């Protein structure tokens, strides 16, 4: 078992980050232009990092698969971004944000990382305002805040329902300035297909130009992956269609450890699946649960009826019944599981019986339709666009959906992988959210990593790199040849099934066996079936066209091939983690009243997986989580 | 429902394109326009025909990647709606639907319905930013901004950069897009130091990229999925007039 050194600085929690900055190696401004950095991904983490590193004087190349850096999926985040500003004078502090995040993550994240995140959160808001992000304001001109799940203070900053968009456009504008200044070279419509490792260090990437098909090598002193999460392994998720795990999975195959892949977040309020054609799922903001009441019929026989025909006493407001003190505002993981339970009992509503009502009729009769429209009008409009139903008249139908992934590539306190020279930021790493992420914390982490953490830690690695590696190095030639062979193999199968049909099959299987609830049996079944899907994929997929052209089928094929392998690792991780925590709910491990039952004695650790070659079982390494400041406790929301 | 599609097919920028007819059969009314194209593509692949290439990503109306002319209207018949949020219930069984790419000299076709919109990025690079080094900014509440200014800035900042405004404009003008960014930043105190440089450079880059001028058709506003108001064009003209005057006077 490899020694996983998280390189957490010594000293008291609140001094670690400042001490680490002081102890870090520096590169003087005149020398920075001699160092080159590759950044893959242009979302909040990658875009902010590329812009900031360019501004500092490093030579940066930034890659994204979209047609512009502005389209990264960070753009879709609705609700807001947390920061410990305590502008509301309501008792917030860095320590409270730190504590809420650790507890929300079900005590499965690193204290030092989370504390640092809370510490830099305030600077993120300053930075974004300076870049022109139009956050919501009060009439006095000061910034407005709202509350979010898992917190008792108002610390969430927002820009209408488009916070992610505005933060991303802020980072994109900073990136644009660097592109104009010549410090960042941007490569849109370019997909990373492999990582190049030279003498044990990540020194570059192999990419495919998605317009011409040209496969080329790029060398640098260090590689930064900010390529997002792997939620699309389930096929249906709230992620963008292009989101994929290829960059992190191929880095894993080159020696980077993948940590906690079984931690996936299922968001409770999404528009339900309505048919086989469905290509993605749409989130409805959690804020709706402030005024909407969740219910299903008490009796299965009533499920087919129109909701108005089901009298009050025949309805089961199950969240209010089971969690009287939190009611409809129970946390995400718990609300999602409760919805699944009632549907499993046959009491779900809508097509396929996979849905529950989110009913605003009480709020409308109490407050009037106008007040409800003022608060949630845009969400009701969006709901009507997609479903064709008017939620002022009939209750919304909602169901949980895959939303975010807490697992990712293992990184140390410097955000560097066990594979030297590889840095990983944002959702692509595993670091800060433990087993469950709190609302409005993903934006915070992406920007913290990109604007403030990596720019201060990357020099620790760069300062040790005097030898320059170029793309002429034989390792680049070799890796490039492997990528070409891989692409040719995909194109040469010419089978009978489409890429999407495999993706759907895999997604359904994982949702069924490794979704909201997992058991030893379901996971073992999945491990039996996934190799069969893989075998059929590699013998019967039909990828038309050539490499030397714009070929969306080919792009998808490579991603789905990686999802199949990634899914297997996720299931393996879920099988080995014999406890329930946060988003990972093993049905065997629950309290008598159906809540997640952690096993701190045996599982208060990070599981980091090492690739050991095709066909071999990966090796599970452990990084113990040492809690020096916080006492582990049971999360209760009753 | 069953539909007839007449889809623009063009292998690449250098080869002429043409309309090709496809039957879309058994399309559920609940599905989105792009999901309808997914179904057609699955069918085409089954027949070993190259699927229709189109841009898309978030499929929830915010990333700005989807871009189709549907029966001659950018993003189709629904107001304030991107193509990905357009659903098939707005069409009738037996309809004939024409699907084309954005057409503008500054947006060359890459393949079929996919166009190159990097001209927008170049305009942004010319000045669509506020210079603020990470680590330098003062406390976020040190400069109060009146709510109505912040709201007006947000109205303009809501632009998703899809390019529908250009596609809808008979002059292929990008002034709604540029006006939105110039307005957003000019309305905020943080945007003041670079206000003049910004508008002059962005307009210059816009002209060089081959976008036309505005002659008040307002087609852009009619198709904009983010409901950007044409008043941003008036503001752009005002900002540009003042800005170029100041620049020529060396101010």
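Overview of values
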quantity	calculated
Peptide B:86-96, shielding by other chains (average Cβ, 10 Å cutoff)	1
Label-point gap, in nm, between residue A:93 and residue A:325 - each point 7 angstrom along Cα→Cβ	2.2
Hydrodynamic radius (Kirkwood) for the range A:474-624, which is based on Cα pairs only, to one decimal in Å	17.5
Taking the range A:474-624 and dividing mean pair separation by its residue count, relative contact order in percent (alpha carbons under 8 Å, at least six apart)	23
Ratio of Rg to Rh over chain B (Cα coordinates, Kirkwood Rh, two decimals)	1.04
Between the range B:176-193 and the range A:1-40, the alpha-carbon center distance in angstrom	37
Hydrodynamic radius (Kirkwood) for the range A:345-457, which is based on Cα pairs only, to one decimal in Å	17.6
Computed [θ] at 222 nm, deg cm²/dmol, chain A (DSSP H ≥ 4; -39,500 (n - 2.57); rounded to nearest 500)	-11000 deg cm²/dmol
Calculated SAXS-style log₁₀ I(q)/I(0) at q = 0.12, 0.15, 0.17 Å⁻¹ - the range A:56-168, Debye, Cα scatterers	-0.50, -0.76, -0.94
For the range A:267-402, the Rg and Dmax computed from alpha carbons only, in angstrom	13.8, 40
FRET efficiency for residue A:199 and residue A:14, using Cβ-Cβ distance with R0 set to 45 Å, rounded to 0.05	0.70
Fraction in percent of alpha-carbon pairs per bin - 10 Å, the range B:3-110	14, 49, 33, 4
Mean Cβ count within 10 Å, highest first, over the residues of peptides A:483-496, A:209-222	A:209-222, A:483-496
Degrees between helix B:118-127 axis and first principal axis of chain B (Cα, 0 to 90, nearest 10)	10
Rg followed by Dmax, in Å, when the range A:43-101 is reduced to its Cα trace	16.2, 44
Relative contact order computed over chain A (Cα-Cα under 8 Å; 6+ residues apart), in percent	20
Rg/Rh ratio calculated on Cα atoms of the range A:207-336 (Kirkwood radius)	1.14
10 Å-binned pair-distance histogram of the range B:117-248 (Cα, whole percent)	13, 44, 33, 10, 1
Ranked packing of A:444-450, A:107-113, A:321-327, most packed first, by mean Cβ within 10 Å	A:444-450, A:107-113, A:321-327
Inter-part distance where the range A:281-349 and the range A:574-630 are each reduced to a Cα centre, Å	30
Cα gyration tensor shape of the range A:561-638, rounded if a/c is under 1.5, else prolate or oblate by comparing a/b with b/c	oblate
Rg ratio (alpha-carbon, reference 2.2 N^0.38 Å) - the protein assembly as shown	0.89
Taking chain B and dividing mean pair separation by its residue count, relative contact order in percent (alpha carbons under 8 Å, at least six apart)	19
Between the range A:199-257 and the range A:428-445, the alpha-carbon center distance in angstrom	20
Over chain B: helical MRE at 222 nm, DSSP H runs n ≥ 4 each giving -39500 (n - 2.57), nearest 500	-11000 deg cm²/dmol
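A short reminder: the numbers here are calculations on the coordinates, not readings from a lab. Owing to the predicted nature of the structure, the values given are computational and were not obtained by experimental measurement. In this analysis, Cβ positions are derived from the backbone assuming ideal geometry, glycine residues included, and neighbour counts consider all displayed protein chains.
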